[in-house]
Structures are given as structure tokens and as C-alpha cells.
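Here the structure is laid out as C-alpha cells; the discussion comes afterwards.
The values are calculated or read from the model by the stated rules, or taken from the named source; none is laboratory data. Predicted, not measured: the structure shown is a model, and the values here were computed from it. We place every Cβ from the backbone using ideal geometry, glycine too, and count neighbours over all the protein chains shown. With ligands, DNA and RNA removed, areas are computed over all heavy atoms of the protein, side chains included. Shrake-Rupley method; radii C 1.70, N 1.55, O 1.52, S 1.80 Å.
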Amino acid sequence: MNYDIVVIGGGPAGLAAAIEAKENGVDNILVIERDRELGGILQQCIHNGFGLHVFKEELTGPEYAERFIEKLKEQGIEFKLDTMVLDINQEKVVTAVNTVDGLLHINAGAVVLAMGCRERTRGAINIPGTRASGVFSAGTAQRFVNMEGYMVGKEVVILGSGDIGLIMARRMTLEGAKVHAVVELMPFSGGLTRNIVQCLDDYNIPLLLSHTVVDVKGKDRVEEVVIAKVDDRRRPIPGTEQTFSCDTLLLSVGLIPENELSKSAGIKLDPITGGPVVNESMETSIEGVFACGNVVHVHDLVDWVTEESRRAGKYAARFVQKQLVVSKKPMETKGENGVRYIVPHKVQIENITDKLTLMLRVDNVYHNAKLVIKDGDKVIKSVKKRHLAPGEMETINLPAKDLANFEGNDIIVSLQLEEE
Amino acid sequence: MYDVTIIGAGVVGCAIARELAKFNIKTIIVDKENDVANGTTKANSAIVHAGYDALPGTLKASTNVLGNALYEDLCKELDVPFKRIGSFVVATEESDIEVLKELKEQGEINGVPNLEIISKEEVRKMEPNLSEDIIAALYAPTAGIVGPWELAIALAENAAENGVEILLNSPVTSINKVDSGYVVVAGEKEISTRYIMNCAGLFADKINDMVNEPFFEILPNRGEYNLFDKSVGDFVNTVVFQTPSKDGKGVVVLPTVHGNFLIGPTAEKVEDPNDLKTTMNGLNFLREKAHKVIPGFPFNAVITSFTGLRAKVKHGDFIIEESKNSKGFINVAAIDSPGLTAAPAIAKMAVEILCKSSGGFETNESFNPNRKPSIHFIDLSDNEKAELIKKDPRFGRIICRCENITEGEIVDIVNRKAGATNLDAVKRRARAGGGRCQGGFCGPRVMEILAKELQTDITSIVKDSKGSYILTGSTKSSSVEVN
């Protein structure tokens with residue numbers, strides 16, 4: 001079986017990449033999705049707020065996904081559902097299984113990795129206590145409630161104030177559960193401000209910052225969750241414990257790009273993002289293997305996923321059409337002074353026709369700061385930011401003409417605080 | 001009328017059940033939990049010890065060394081993962097070397113083969129990730145690792161295939177002596193039986209006391225563990241103990257049979273034989289102690305933590321004997337470490353005692369020692385995979401993404417004897433949900449398969465124990481029929 005482009009993952013990233021590749025002149029594309037339906041996690045995100053940037057309107061997750069699914073079908077792009085990729089090798093042979101075709105070996109001209117991410121678990125953050133049932137990751141609970149039609153609990157405590165945690169606080173409330181509190185380890189929320197207002201404040205759900213779960217009690221099902229205040233090194237402070245009587249603990253404690261396939265293929269990963277090291281084309285360390293969406297780095301808005309994935313699709317098409325330039329010595333992006341990471345990691349300016357988009361996250365909350373782009377000591381561009389937070393991804397666009405004059409080998413993004 | 005009633009379906013009870021299946025007798029094994037292997041067996045270090053720890057002359061010493069020797073064949077017959085990877089006891093202080101020498105000598109008296117004290121250089125050659133501070137080690141090549149609950153489940157399944165009955169969800173509440181033997185009340189059932197094997201683990205004292213004078217007390221001892229991702233599963237390839245001190249054997253670091261990494265246990269006396277909680281102090285302690293032997297270990301690759309309880313007694317040795325006042329009542333109790341290793345030997349010994357008391361049983365000529373092997377889809381060749389999916393398409397559907405477990409495998413383990421009836425039971429048998437996402441993705445799917453195969457409603461599927469419900473009902477909107 002041969003395809004010009006094989007896209008692994010039929011969530012928002014994979015769909016956008018496939019459609020964009022098709023629109024850039026590649027016909028022979030296959031999207032492989034492990035779940036029963038296209039659309040990925042968007043299908044369980046039945047709240048609205050998606051698409052403000054891409055469509056200039058507010059859509060629900062399934063609505064947002066539907067637009068891409070329809071387009072995919074209109075364009076006649078092939079897809080396989082309920083199909084799991086077991087392996088990708090350096091020669092871009094994709095091995096997959098499903099119940100209909102059995103075992104598949106697919107030769108791909110280019111591969112786009114769009115496997116998304118998974119949730120961190122209770123185990124990963126070592127929450128002590130009993131192994132009672134009733135501890136769910138927020139995403140699993142969301143799937144049960146929104147897609148399968150079952151409630152997972154009546155009295156709830158949520159750990160983690162990322163967007164999923166906030167959204168689930170409202171969702172559980174609307175389904176008749178009592179959400180006692182959203183507990184956040186950090187002194188600030190990891191979620192969007194609008195979600196704090198619309199999901200917690202509107203329903204009088206307290207947000208307890210600088211708190212964590214220190215014990216889970218209950219023999220069979222969760223009976224109590226004990227939380228405590230933490231000090232500035234995030235260690236629980238004895239004597240500050242509060243006990244909530246509840247049957248459910250939802251965890252929204254971070255997302256991890258799912259790169260098991262990338263790892264076994266030998267693709268170089270960035271230890272900070274947990275995703276592949278990519279260049280301006282979203283190409284990984286294996287030539288012709290591209291990556292986009294949450295498998296590269298966790299995004300806060302699907303709109304940014306779409307934008308990034310379109311780029312991956314466009315460049316994958318160019319690769320297949322042999323139009324992609326390979327620089328001997330690409331420039332590298334480097335974050336300074338609180339810029340935690342930048343995607344892409346490498347830039348071959350020859351491939352940039354209009355602009356370079358840098359996506360980055362900072363390591364703390366900052367007010368009245370500047371993101372300064374530098375070529376060595378020379379300042380190329382400066383972007384003022386009233387508010388920067390680790391939970392919010394920042395995007396900076398650099399026109400191609402600015403890049404052409406770079407003298408050094410690094411594109412540096414530095415965080416500078418304004419004088420008070 | 002049953003010939004033998006085994007109380008407790010842990011690894012020891014199940015090993016005895018399988019031994020008894022070799023005779024033409026009617027045997028039943030009862031347990032209060034809703035799965036076999038659900039007590040001490042499901043949470044321990046999974047080590048097949050070489051046998052140098054126990055004092056010469058003790059039951060622990062003899063059953064450990066014999067049990068270890070029996071593992072190879074037993075695990076082959078039962079298709080249970082077992083690897084003889086060897087163990088180290090590492091010394092960091094000069095004074096530790098004396099202890100290593102004592103252990104070596106003790107092991108040799110116990111009959112442990114090929115014990116050797118090796119130099120720092122040899123240690124580091126075999127395990128380059130171990131700490132520079134290690135100055136020598138006692139190397140025991142016969143030590144190994146096993147899937148503990150898999151062994152118990154396989155023993156139960158094989159026993160059941162050979163005619164042993166299994167009764168779960170049935171706590172024993174009373175035992176009465178009658179002329180013909182005993183009447184055991186287990187849950188809803190009254191079991192008339194000629195003989196009893198008390199393998200009740202943490203509750204063995206309570207079971208004994210239902211019939212006999214109390215002569216031992218089980219002192220539960222808690223041990224907490226951390227389990228790590230497969231990405232760090234080969235950090236060391238040997239079972240690494242620290243030199244024992246007065247506080248016990250200390251924290252062990254080792255790979256698991258499935259390629260994960262395990263660190264544990266703590267040791268803490270507790271009152272409650274159901275106290276399976278983990279604690280922040282315990283988990284911090286593990287990290288601190290493990291750090292001494294594997295300083296570069298990425299502790300952030302942890303995927304879960306758990307606690308096991310060991311059934312200790314004051315005098316320290318196993319109790320494997322017929323009750324002095326109650327003929328045909330055999331206590332197999334106080335089986336703490338190295339109970340898992342010793343289980344195959346304990347079973348043989350307990351059955352010998354029973355045969356002596358009863359005058360012996362007729363051999364079951366049709367006994368089949370081999371359990372039908374499980375299919376591990378991901379380990380098959382491409383051709384085998386393709387063929388299998390052609391035969392049964394359910395092997396073409398991956399349910400557990402982390403461990404690559406197919407629907408076919410889950411259906412199989414639900415429908416076997418002593419099959420899985422809940423989420424954790426599936427995890428123990430097929431590892432679905434045991435990977436890095438801990439069931440985040442596959443949990444709902446596994447519940448669907450369970451509900452379908454067991455012909456029950458998905459809301460009645462539990463995580464583990466009877467009361468560990470997962471879903472509390474339907475959502476508001478789902479009461480409206482869609483399409």
C-alpha cells in the first residue's frame with residue numbers, strides 16, 4: 001500500500017494537515033485514526049469557545065471538528081478509523097492494524113505525526129492515599145459524561161485549574177453534581193481567564209490557589225479528599241489541611257505529548273515540550289516526517305493547532321513535490337530569561353515565503369513585559385505584553401524580510417521586564 | 001460434601017488448589033474478595049528470592065530454596081512470565097562486607113547455588129547505573145522476578161480446569177466442627193468439608209480462631225511501592241537489595257517482568273489488615289533510599305504507587321502444620337516474605353501433611369498441568385498478527401494504547417476460568433490500564449467489553465472491590481433517546 005502522505009491521527013491537527021496538503025496539490029493522502037470517529041478529543045469538548053481565531057465565531061468542539069471532517073470528505077481524502085499505528089520506521093513505512101484490513105504496511109512519501117497528547121495521572125504526581133475508585137482524569141470523566149452519557153460522581157473535588165479542570169467543574173455542576181472546589185498547586189491558574197470567570201465564578205465554585213491534595217480516603221469508593229496549602233517550594237504546610245467529604249476526585253494535572261511512536265522511530269524529542277524537535281516546516285529530525293498539534297507541544301487553543309497543522313500539511317506537500325529546501329546549517333531558536341521553549345526549534349529561512357511563526361511559553365506569571373527578538377545583541381523586534389503566564393501560549397510572527405538580514409545563527413527570544 | 005476447602009485464593013491457596021487437583025478429590029477454594037490474588041499476592045516485590053535471607057533450619061529457608069528451584073517448570077507449564085535475572089546485595093560501607101559474608105555463608109547452608117561476593121568493578125560492569133559508592137555486592141544468580149498475581153491467577157485457572165471449584169465474594173464467617181469434618185459458612189454458602197486449608201493470609205489468625213485455640217497473631221506490615229514507566233525499565237537489570245540492617249532488608253530496586261521498574265517497599269507495622277493507603281512520607285522515603293543505589297534514576301517517570309501488606313507473626317517463621325486439636329485443619333499461615341518464592345514448595349508441603357493425615361488420595365490420571373497459553377498480540381510476528389486477525393478480527397482492535405492490548409486478549413481473559421470481572425482484574429491479567437496513562441483512554445472501552453462479555457450493565461462494572469463503583473448513573477441528557 002502506497003500513499004504520498006500518511007497522517008497519523010484524525011484529530012484537529014491531523015485533519016487540518018491532511019486538508020492543507022490536499023489543497024497544496026497532493027492527492028494521495030491517508031488519515032489513520034485510532035478511535036471510532038474523526039475529530040479527536042474535540043468530540044468530547046461540547047462546550048463552546050472554539051474557532052474564534054480561525055472562523056471568527058464561537059463553536060463547540062464537535063462543531064469545530066465537523067467543519068474539518070466535512071471538508072476532508074468533500075475533498076475525497078481517505079481515512080481509516082479504529083486503526084492503530086504500531087510502528088513507523090526510518091524509511092517511512094507505517095505499520096498499522098484494524099479489524100477489517102488486518103495488519104497493514106503502508107509506504108509513505110511523507111508522514112505527518114498528529115497523535116495528540118494524554119493526561120498526567122494520579123500516579124505521575126504521587127498523590128497518596130487509598131486506591132479507591134472515583135479518581136478520574138478530567139478527560140476520562142469528560143468522555144464518560146459527554147460522549148458515553150454516564151455520570152462519574154456526585155460530590156466532586158478537582159485538582160488542577162487548567163482549562164480542562166475548569167470546564168469540567170462547570171460541566172459536572174450542570175449535570176447536578178456538587179463541585180466543592182478547584183484546587184491549584186501554583187499561585188496562579190493554568191487556565192484561560194475567561195474559563196475562570198465562566199466556569200467557576202458564575203457557579204460560585206471556589207478556586208484554591210497554592211493548595212494540593214495530600215490524601216485520598218475511602219476503602220471502595222473515594223469518601224474524603226484532604227487538601228493542604230503549600231509553601232513557596234510547593235510543599236504542603238502541616239496544619240493547613242481541609243477535608244472535603246466527596247465521592248470523586250478529578251485530576252487536571254497536565255498533558256503530555258504522546259510520542260511513543262516518535263521515540264521508537266528514533267525521532268529527536270525536546271525534553272521540555274515532550275514533543276519532537278521541529279523546524280519551520282514542522283519537519284522532525286527524520287526527513288519527510290512532520291509533526292503538528294499537541295504531539296509537538298501542548299496548545300491552549302485548537303485554533304493554534306489548526307494554524308500549526310496547516311503549516312505541517314503545506315510543507316509535507318512541498319516535501320512530496322520535492323520543493324522543500326534543506327539548509328546545511330539551519331538557524332536555531334533560543335529562549336532566554338524565562339522563555340521556557342520555542343517551537344520551531346530550527347529555522348531554514350529559505351523555506352519561509354511570507355512569515356515565520358514562533359510559538360512559545362514562559363515559565364512564570366509576568367506583568368508589563370516585553371518579548372524581544374534578537375539577532376545576537378541586535379534587537380529585531382519587540383512585542384509588549386501586559387500579562388504573560390505559563391498557561392497561555394504566545395505567538396510572534398516575523399516577516400521573511402526581517403529574517404533575511406539575520407547575521408548570527410540563532411534567533412533569540414528574550415523576556416524583558418519593563419521598569420516600574 | 002467436599003474433601004478439601006481452601007480458605008484464601010492468594011498465591012499460596014491457589015498453589016495448594018493446583019496440587020490438590022492432581023488427586024481425585026472434590027476441592028473448593030473460597031475467598032472474600034471478588035477476584036483471586038486480591039490480597040497480599042497483588043502487591044509485593046514480585047521477587048523470586050535466591051534463599052540466603054532466612055535462618056538455616058527454618059521453614060522459610062527450606063521452602064524458599066526449594067520453591068525457587070520449582071519456578072522454571074511451573075511458570076513454563078502455566079505460561080507465566082518469569083525471568084531468572086539474579087540479585088545483588090550491595091555494600092556501601094566496609095562493615096557491610098561482613099554482612100555480605102554472613103549472608104553468603106547462610107545461603108550456602110540453606111543450599112543456594114553459585115553465591116559470589118563480587119568487587120566494585122564487577123558490579124559496575126554488570127550494572128553501570130549503580131552508585132559509585134557501592135564497594136562490593138553479594139551476587140545470587142538464581143534470584144528472579146515473576147508476575148505474582150499472574151502466577152496465582154494461572155494456578156487458580158489451571159486448578160479450575162482440572163476440576164477445582166472457586167467461590168469468590170464469600171467471606172468465611174464461621175466454621176463448625178462436625179463428625180464428618182467441618183461446616184464452613186462462606187458468604188451465602190454452607191460448605192461441608194472433610195479437610196480445611198487455612199490460607200487466609202492477613203486473616204489466617206481469625207480463621208484459625210474459629211476452630212482452634214489462638215496460638216498466633218497476624219501482625220500486618222505495610223509496604224509502599226512506586227512503579228515506573230517502561231522507558232526506564234532497564235535502568236538496572238538485576239534485583240538490587242541494600243545490605244540489610246536491623247530495620248530490615250531495606251528498599252529494593254528492580255525491573256519487572258513486563259519491563260517496568262519497581263522501587264519498594266517501606267516497612268511499617270499497622271493495626272488494620274485492610275490499610276492499603278500510600279503516604280507522602282512513605283513515597284518520599286522510597287525515593288530517598290533508592291537514590292543511594294541509583295543516583296541518576298529519573299524518578300519523574302513514576303506511573304503509579306501502591307501498598308501491600310505482609311502477614312507477619314512475632315516468631316517470624318511460616319506456620320505450615322496440622323492443628324494439634326483439630327484433625328484435618330491445616331494452617332498455612334504467616335506467609336510473609338519470601339512467601340511468593342516459597343509458594344510452590346509450601347503447597348507441596350501442605351499437601352504432604354494433608355495426605356499423611358488423611359491416609360492419602362487417589363491420583364487424578366487426567367490432570368493436565370498445562371494452562372492454555374495467552375496470546376500476546378504485540379509480541380507476534382507480522383505474519384502471525386495478520387493470520388490471527390483473519391481468524392478473529394477482535395485481535396485487530398487495540399484497546400489499551402500504552403501496552404498495545406487488543407480486544408481479543410481482553411475477551412479471552414474475561415472468559416477464562418477464574419476470569420476477570422472488573423477493571424483491575426483486567427489490568428492484572430492483560431495489563432490494559434496498567435501503562436503510563438493508567439486506563440485514561442482504555443478504561444471506558446474495557447468497561448464496555450466487560451459489560452458485554454459478562455452480560456451486565458456498564459454501570460455495574462467496578463474498579464476492584466465489590467463497592468468500588470465507577471459510574472453513578474446516566475447523565476440528564478442521556479435519558480432522552482437519540483436516533
Could you give every pair whose Cβ atoms fall below 8 Å, whose first residue belongs to the range B:353-364 and is hydroxyl-bearing (Ser, Thr, Tyr), and whose second residue is open to solvent by less than 40 Å² (accessible area, probe 1.4 Å) and in a loop (DSSP other than H, G, I, E, B), counting only separations of at least 6 or pairs across chains? B:357/B:328; B:358/B:328
Taking the range B:249-270 as the region of interest, how many residues are more than 23 Å from residue B:429 (Cα to Cα) and part of a strand (DSSP E or B)? 4
Taking residue A:186 as the residue in question, decide whether it is open to solvent by 30 Å² or more (accessible area, probe 1.4 Å) and of a type outside the set (Phe, Trp, Tyr). yes
Which residues, taken from the range B:370-393, are touching a Gly at 6+ places or on another chain (Cβ under 9 Å) and within 7 Å of another protein chain (Cβ to nearest Cβ)? B:385, B:386, B:389, B:390, B:393
Subset of the range B:219-248, residues closer than 25 Å to residue A:271 by Cα and not in a loop (DSSP other than H, G, I, E, B), comes to B:226, B:227, B:228, B:230, B:231, B:232
Exception for residue B:408 within (1) assigned to a helix (DSSP H, G or I); (2) open to solvent by 20 Å² or more (accessible area, probe 1.4 Å) falls at (2)
Of all residues making up the range B:146-178, the number that are surrounded by fewer than 24 Cβ atoms within 10 Å (Cβ to Cβ) and among the small types (Gly, Ala, Ser): 5
Scan the range B:32-68 for residues that are in a helix (DSSP H, G or I), of a type in the set (Lys, Arg) and more than 25 Å from residue B:245 (Cα to Cα) and jot them down. B:42
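Among A:165, A:218, which is the only one that is closer than 24 Å to residue B:306 by Cβ, open to solvent by less than 50 Å² (accessible area, probe 1.4 Å) and not basic (Lys, Arg)? Talk me through it step by step, then tell me what you get.
On the way: A:165 fails: closer than 24 Å to residue B:306 by Cβ.
On inspection, the qualifying residue turns out to be A:218.
Residues are listed down the side, and each one gets a yes or a no for (1) more than 7 Å from every other protein chain (Cβ to nearest Cβ); (2) on the phi < 0 side of the Ramachandran plot; (3) surrounded by 15 or more Cβ atoms within 10 Å (Cβ to Cβ):
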residue	(1), (2), (3)
B:440	no, yes, yes
B:446	yes, yes, yes
B:451	yes, yes, yes
B:467	no, yes, no
B:475	no, yes, yes
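Is there a residue being assigned to a strand (DSSP E or B), in contact with an Asp or Glu (Cβ under 8 Å, 6 or more places away or on another chain) and within 25 Å of residue A:175 (Cα to Cα) anywhere in the range A:126-145? Steps first, please.
Filtering the range A:126-145 down to residues assigned to a strand (DSSP E or B) leaves A:129, A:133, A:135-137.
Filter again for in contact with an Asp or Glu (Cβ under 8 Å, 6 or more places away or on another chain), leaving A:129, A:133, A:137.
Narrowing the set further to residues that are within 25 Å of residue A:175 (Cα to Cα) leaves A:133, A:137.
Checked against the condition, which is being assigned to a strand (DSSP E or B), in contact with an Asp or Glu (Cβ under 8 Å, 6 or more places away or on another chain) and within 25 Å of residue A:175 (Cα to Cα), the range A:126-145 yields at least one hit.
Counting only residues that are of a type in the set (Asp, Glu) and in contact with a helix residue (DSSP H, G or I) (Cβ under 6 Å, 6 or more places away or on another chain), how many does the range A:149-174 have?
First, pick out the residues of the range A:149-174 that are of a type in the set (Asp, Glu): A:155, A:163.
Checking the rest, the ones that are also in contact with a helix residue (DSSP H, G or I) (Cβ under 6 Å, 6 or more places away or on another chain) come to A:163.
Number satisfying all stated conditions: 1.
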Write out, first by first residue and then by second, each pair whose Cβ atoms fall under 7 Å of each other, whose residues are 6+ apart or on separate chains, and whose first residue, in the range A:112-128, is more than 18 Å from residue B:400 (Cα to Cα) and facing chain B (nearest Cβ under 9 Å) while the second is among the polar types (S, T, N, Q) and open to solvent by less than 30 Å² (accessible area, probe 1.4 Å). A:126/B:305; A:128/B:278
Taking the condition of being open to solvent by 10 Å² or more (accessible area, probe 1.4 Å), over 17 Å from residue B:49 (Cβ atoms) and in contact with a Phe, Trp or Tyr (Cβ under 6 Å, 6 or more places away or on another chain), how many residues in the range B:320-346 meet it? 1
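Could you tell me how many of the residues in the range A:287-313 are surrounded by 20 or more Cβ atoms within 10 Å (Cβ to Cβ) and more than 18 Å from the chain's Cα centre (by Cα)? Show your work before the answer.
Going through the range A:287-313, the residues surrounded by 20 or more Cβ atoms within 10 Å (Cβ to Cβ) turn out to be A:289-299, A:302, A:305-306, A:308-313.
Those left that are additionally more than 18 Å from the chain's Cα centre (by Cα): A:289.
The total comes to 1.
So that you can scan it fast, the table gives a plain yes or no per residue for (1) more than 23 Å from the chain's Cα centre (by Cα); (2) not hydroxyl-bearing (Ser, Thr, Tyr):
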| position | (1), (2) |
| --- | --- |
| B:173 | yes, no |
| B:182 | yes, no |
| B:188 | yes, yes |
| B:198 | no, yes |
| B:231 | yes, no |
